[in-house]
Amino acid sequence: MKTADVCDQYHEELQICEPMFRSFGGKQQFSGPIATVKVFKDNVLVREALETVPEGSVLVVDGGGSKQCALMGDRLGEIAVSRGLAGVIINGCVRDSAELSQMEIGVMALAPMPLKSRKEGKGDRDIPVTFGGVNWEPGHYVYADEDGIVVSPRSLEF
């Protein structure tokens with residue numbers, strides 16, 4: 001479902017993310033219910049979430065906008081694909097971008113960065129996070145494509 005069409009029909013109930021993300025995954029269009037993680041330069045909880053959130057989910061990672069290290073690379077991408085996640089949106093960086101671009105998953109992030117993150121397990125899961133002018137609530141729905149990212153409090157039908 002195209003975000004432009006979603007906006008045309010449902011704009012009054014949507015939050016529209018600021019245009020700050022680049023697509024790194026093999027799928028340009030993806031949507032699903034939101035699961036969240038809040039971390040800073042540490043991706044242990046990102047991996048944990050990718051291994052446990054329900055199939056079809058979109059994992060939203062609030063990495064504080066840090067561009068000092070990557071929060072996801074090809075190994076975590078493979079986990080997300082194998083578990084049938086719809087996508088991952090990262091307010092932070094990814095690495096192994098060539099490999100991610102070949103995977104059947106949507107991946108949006110701020111930029112590529114070759115340095116891996118720390119492994120301390122600090123952060124929070126399944127809490128509301130805010131970035132890009134949007135309040136990302138677990139259980140709400142996200143729709144993403146080449147035109148942008150929109151969030152709805154419910155699943156939208158056409």
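The values are calculated or read from the model by the stated rules, or taken from the named source; none is laboratory data. Everything numeric here is computed off the predicted structure, so don't read it as measured data. No Cβ is skipped: glycine too gets one built from the backbone with ideal geometry, and neighbour counts run over all protein chains shown. Please note that ligands, DNA and RNA were not included when accessible areas were found on the heavy atoms of the full protein model with its side chains. Shrake-Rupley method; radii C 1.70, N 1.55, O 1.52, S 1.80 Å.
Brief remarks follow.
- At R0 = 25 Å, FRET efficiency that the Cβ-Cβ distance of Glu12 and Thr130 yields, to 0.05: 0.75
- Taking amide H as placed 1.01 Å from N in the peptide plane, the amide H of Asp42 sits under 5 Å from that of Arg118, each at least 5 places away or on another chain.
- Taking the centroid of alpha carbons for each part, region 82-158 and region 1-37 are 10 Å apart.
- Considering region 2-78, its Cα convex hull presents a mean projected area of 6.0 nm².
- Translational diffusion coefficient of region 89-158 (Stokes-Einstein, Kirkwood radius from Cα pairs, 10 °C, 1.306 mPa s): 110 µm²/s.
- Proximal aspartates and glutamates to Lys27, defined as alpha-carbon separation beneath 19 angstrom and excluding residues fewer than eight positions away on the same chain: Asp5, Glu55, Asp74, Glu78, Asp96, Glu99, Glu104, Asp145, Glu146, Asp147
- Across Cys69, Cys7, the residue with the most accessible area heads the list, and the full order at a 1.4 Å probe is Cys7, Cys69.
- Take Phe131: with every protein chain present and a 1.4 Å probe, its accessible area is about 10 Å².
- Point-to-point label distance, Lys2-Glu99, nm (Cα→Cβ direction, 7 Å offset): 3.5 nm
- Mean separation of Cα contacts under 8 Å (6+ apart) over length of the chain, as relative contact order %: 35 percent
- Note on Asp126: accessible area is roughly 90 Å² with a 1.4 Å probe, heavy atoms of protein only.
- Solvent-accessible area of Thr3, all protein chains in place: 10 Å² (probe radius 1.4 Å, heavy atoms, ligands and nucleic acids excluded).
- Zone of Gln68's modelled label, taken as backbone nitrogen in region 96-118 under 14 Å from a point 7 Å along Cα→Cβ: 115-118
- For the chain, the fraction of 1.4 Å probe accessible surface lying on carbon and sulfur atoms is 47 percent.
- With the convex hull of the Cα atoms taken as the outline of the chain, the averaged projected area works out to 7.7 nm².
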